[in-house]
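The values are calculated or read from the model by the stated rules, or taken from the named source; none is laboratory data. Everything numeric in this text was worked out from a predicted model, so none of it was measured. No Cβ is skipped: glycine too gets one built from the backbone with ideal geometry, and neighbour counts run over all protein chains shown. Areas reflect the complete protein model, heavy atoms only, side chains present, ligands, DNA and RNA absent. Shrake-Rupley method; radii C 1.70, N 1.55, O 1.52, S 1.80 Å.
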Amino acid sequence: MAKIVLENIEKRWGQFSAVKDLSLTVADREFIVLLGPSGCGKSTTLRIIAGLESATSGNVYIDGVRVNDRLARDRDIAMVFQNYGLYPHMTVRQHIAYPLRLKRVGDPELSERVLAAAERVHLSEFLDRRPRSLSGGQRQRVALARAIVRTPNLFLMDEPLSNLDAILRVTMRAELKHLHHNLKTTTVYVTHDQIEAMTMASRVVVMNNGMVEQIGAPEQIYGDPDNLFVATFIGSPPINRIPGRASGGEFQTASANIGGFPIWLSGDAVLGVRPEHVSIADEDPDIAGTVFAVEYTGSELLIVADTGGDRISLIGDLARRPKIDERIGLRIDRGETFFFDAQTGARIRKSS
């Protein structure tokens, strides 16, 4: 398969820097996700790996070979885009066979490989159909089959599921995860959807403003964020951010003074706590508030409370649904909180 090394990659257009001093190693057979908001540089990074864009400076290595000057067609990659790139006059069979015909693969082998690729993405019964008679999910699977039929060393995927509805996205996430398990092809996947990143990646690269904010396994990114941007971007519903001041083991907010925190914390900070680590407390609450909204999602009850200075979200008990404007007390799990510098957003950690 393929190992990718990006070494101090910069991409500039005039005074604008799309990617800033990015270094990254993608291990052989890894499924890595570049995650971030629109304009953060993730698609540009993918296109540099593909050879569709050239880096202003820095180096790209695939399997130890510097490929900066190699054309995209010479990098042994297959790309899948969000717009599918299907031709209306071609059948599914013809689409899947197209890369093999360009390589002048003989008909017996070509037919065998087309059938095998179609079976992998559950398209065997649709081989003679044209795109107009396929659903969005089926069209995306055609694009995938066209990519995997080449058996490349590297898959590059740029927002491949963004055009699908919510149910199809869930189905296709499972399809892609299973496909990677079977093929074990090194995959670099770009998305702005943190659910896709968390459910599919072996590692996530969180990007913002052309820079890498944090790299780690989904569990690490979620449970041990390096800064406020990562903590906020990862998680649905999003993390609660409560500004205040720490002193002597207490954290003073606009509406409460909460004790029980490490004595070494001091100064202006933002307390971060995820909704699943906030609960309703009938006695000795940390913060008192008024129910602002209640959202029933089927498996969970999301409650938003207005504390007079902040709005705090929590995952409630389905058996106890409070009413809007009802007064409730909230308790924060001290062991599941993060503190961030109020000015820089960097995680505040105890120095060794």
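Can you pull out every residue in the range 130-140 that is in contact (Cβ under 8 Å) with a residue 12 or more places away in the chain and either over 16 Å from residue 180 (Cβ atoms) or not assigned by TED's automatic domain parsing to the domain that holds residue 83 (or both)?
Residues satisfying the conditions are 130, 131, 132, 134, 135, 136, 137, 138, 139.
Could you check how many residues of the range 197-255 are touching a residue at least 60 places away in the same chain (Cβ under 8 Å), among the polar types (S, T, N, Q), out of contact with any Asp or Glu (no Cβ under 9 Å at 6 or more places or on another chain) and open to solvent by 50 Å² or more (accessible area, probe 1.4 Å)?
1
For the range 285-337, enumerate the residues that are hydrophobic (A, V, I, L, M, F, W, C) and open to solvent by less than 20 Å² (accessible area, probe 1.4 Å).
Scanning the range 285-337 gives 287, 291, 301, 303, 305, 312, 314, 328, 330, 332.
Give me the pairs: first residue in the range 292-306 and over 11 Å from residue 318 (Cα atoms) and in a strand (DSSP E or B), second residue among the aromatic types (Phe, Trp, Tyr) and open to solvent by 30 Å² or more (accessible area, probe 1.4 Å), beta-carbon distance under 8 Å, and six or more apart or on different chains, which are they?
Cβ pairs passing all conditions: 304/292; 305/292; 306/292.
Taking the conditions exactly as written (in contact (Cβ under 8 Å) with a residue 40 or more places away in the chain, in the same structural domain as residue 129 (by TED's automatic domain parsing) and closer than 27 Å to residue 29 by Cα), does residue 72 satisfy them or not?
no
So the check is Cβ under 7 Å with 6+ separation or different chains; which pairs have a first residue in the range 174-188 that's farther than 20 Å from residue 137 by Cα and a second one that's of a type in the set (A, V, I, L, M, F, W, C) and at pLDDT below 90?
Qualifying pairs under 7 Å: 183/148; 184/1; 185/1; 186/1; 186/2.
If the requirement is being of a type in the set (A, V, I, L, M, F, W, C) and over 23 Å from residue 98 (Cα atoms), which of these qualifies: 167, 148?
The match here is 167.
From 65, 80, which residue is among the β-branched types (Val, Ile, Thr) and free of Cβ contacts under 8 Å to residues at least 12 places away in the same chain?
Numbers: 80 fails: free of Cβ contacts under 8 Å to residues at least 12 places away in the same chain.
That would be 65, the only listed residue that is among the β-branched types (Val, Ile, Thr) and free of Cβ contacts under 8 Å to residues at least 12 places away in the same chain.
Somewhere in the range 340-350, is a residue among the charged types (D, E, K, R) and at pLDDT 95 or above? Spell out how you get there, then give the answer.
Of the range 340-350, the ones among the charged types (D, E, K, R) are 341, 347, 349-350.
Next cut, at pLDDT 95 or above only: 341, 347.
Yes, the range 340-350 contains a residue that is among the charged types (D, E, K, R) and at pLDDT 95 or above.
In the range 177-196, which residue that is open to solvent by less than 20 Å² (accessible area, probe 1.4 Å) and not hydroxyl-bearing (Ser, Thr, Tyr) is modelled with the lowest pLDDT?
That would be 179.
Okay, residues lined up against (1) touching a residue at least 40 places away in the same chain (Cβ under 8 Å); (2) of a type outside the set (A, V, I, L, M); (3) open to solvent by less than 80 Å² (accessible area, probe 1.4 Å):
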{"position": "89", "(1), (2), (3)": "yes, yes, no"}
{"position": "101", "(1), (2), (3)": "no, yes, no"}
{"position": "111", "(1), (2), (3)": "no, yes, yes"}
{"position": "114", "(1), (2), (3)": "no, no, yes"}
{"position": "123", "(1), (2), (3)": "no, no, yes"}
{"position": "128", "(1), (2), (3)": "no, yes, no"}
{"position": "142", "(1), (2), (3)": "yes, no, yes"}
{"position": "147", "(1), (2), (3)": "yes, no, yes"}
{"position": "156", "(1), (2), (3)": "yes, no, yes"}
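Answer yes or no as to whether residue 161 is touching a strand residue (DSSP E or B) at 6+ places or on another chain (Cβ under 6 Å), touching a residue at least 24 places away in the same chain (Cβ under 8 Å) and not hydroxyl-bearing (Ser, Thr, Tyr). Break it down stepwise before answering.
On the way: touching a strand residue (DSSP E or B) at 6+ places or on another chain (Cβ under 6 Å): no; touching a residue at least 24 places away in the same chain (Cβ under 8 Å): yes; not hydroxyl-bearing (Ser, Thr, Tyr): yes.
Here the answer is no, as residue 161 does not meet what is asked.
Six or more apart or on different chains, Cβ atoms under 8 Å: show the pairs whose first residue is in the range 318-335 and over 17 Å from residue 255 (Cα atoms) and whose second is in a loop (DSSP other than H, G, I, E, B).
Short answer, once both residue conditions are applied: 318/300; 334/260; 334/261.
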